[in-house]
Every structure is written in structure tokens, then in C-alpha cells.
Amino acid sequence: RLVPNEKVRIALTKIDGIGPKKAIQVCSRLGISGNIKMNELTKYQIDKMEQMIGQDHVVHWEFKRGERADIERLISISCYRGIRHKDGLPLRGQRTHTNART
């Protein structure tokens with residue numbers, strides 16, 4: 001799924017749940033430079049990377065499911081943020097007079 005001619009540390013950030021800091025941590029734990037391209041990695045290095053990410057980090061559908069569960073919890077307890085989520089309005093104090101029209 002990752003773009004073959006991107007740097008490893010940048011390509012890893014395309015995965016949901018992995019940001020720049022975690023991408024650098026994965027590269028350093030594997031002992032590879034974050035500046036080499038994805039297509040320069042060996043099959044063994046890619047397998048090790050997939051295995052490490054699968055064990056240590058919450059990614060893809062697990063990450064999305066956790067986000068959705070958090071929002072559902074806010075809605076169920078009827079807190080301010082939950083009500084705003086339910087109504088489709090901005091949560092963090094943005095103005096609604098001219099923007100965020102629903």
C-alpha cells in the first residue's frame with residue numbers, strides 16, 4: 001500500500017495511527033535510516049516492519065473503531081461535545097454565525 005519511491009519515515013505516516021514521531025521510532029528500532037526509499041528495503045526488512053507495527057501500534061481499522069467508540073461514548077453521556085457531534089456542529093468553540101452552516 002505504501003508508495004515505493006517515498007522516504008520510509010514519510011511513507012509510514014500514510015498509515016492511520018502512525019505519525020512522524022512513531023515513524024522515526026520504528027525506523028530506529030529496526031536499525032534502518034528513515035531517509036532511504038521504500039523500494040530500497042529488502043523483503044525481510046518490510047516483513048519485520050509490518051510485524052513490529054502490528055504488535056506495538058494501533059493502526060487502520062482498530063484506530064478508526066476506537067475513534068468512533070470515543071464519539072459514541074460522548075454522545076451517550078450527553079456531554080457538550082457529544083451534543084455538538086450529534087448535531088453536526090463544531091466542537092471547539094469555532095464561530096457558527098457565518099461558518100459551519102448545517
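In table form, for the structure just shown:
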item	result
Unsatisfied cross-links (Cα-Cα over 18 Å) in the set 7/43; 14/64; 14/37; 37/64	37/64
Between helix 20-30 and the chain: long-axis angle, C-alpha atoms, 0 to 90°, nearest 10	30 degrees
Longest DSSP-loop-exposure-free segment, trypsin sites (Lys or Arg not before Pro), the chain, at most 12 other Cβ within 10 Å	15-91
Surface share of carbon and sulfur [accessible, 1.4 angstrom probe, percent] for the chain	51 percent
Rounded accessible area per residue of the chain, 1.4 Å, Å²	73 Å²
Hits among aspartates and glutamates - C-alpha to C-alpha of residue 86 under 18 Å, sequence gap 8 or more where chains match	67, 70, 72
Backbone HN-Hα couplings from phi across segment 31-42 [Karplus 6.51/-1.76/1.60, Hz, Gly and Pro as x]	x, 10, 6, x, 8, 7, 7, 4, 6, 8, 6, 7
For the chain, calculated [θ]222 nm from helices alone, where every DSSP H run of n ≥ 4 adds -39500 (n - 2.57)	-16000 deg cm²/dmol
Qualifying chymotrypsin sites (Phe, Trp or Tyr not before Pro) in the chain, DSSP loop, other Cβ atoms within 10 Å at most 15	none
For the chain, the fraction of alpha-carbon pairs in successive 5 Å shells from zero, as %	2, 11, 17, 16, 11, 9, 9, 10, 9, 5, 1, 0
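The values are calculated or read from the model by the stated rules, or taken from the named source; none is laboratory data. All of these numbers come straight from a predicted model, not from anything done at the bench. Here the Cβ is made from the backbone with ideal geometry for all residues, glycine too, and neighbour counts use every protein chain on show. Ligands, DNA and RNA are excluded from the accessible area calculation, which covers all protein heavy atoms including side chains. Shrake-Rupley method; radii C 1.70, N 1.55, O 1.52, S 1.80 Å.
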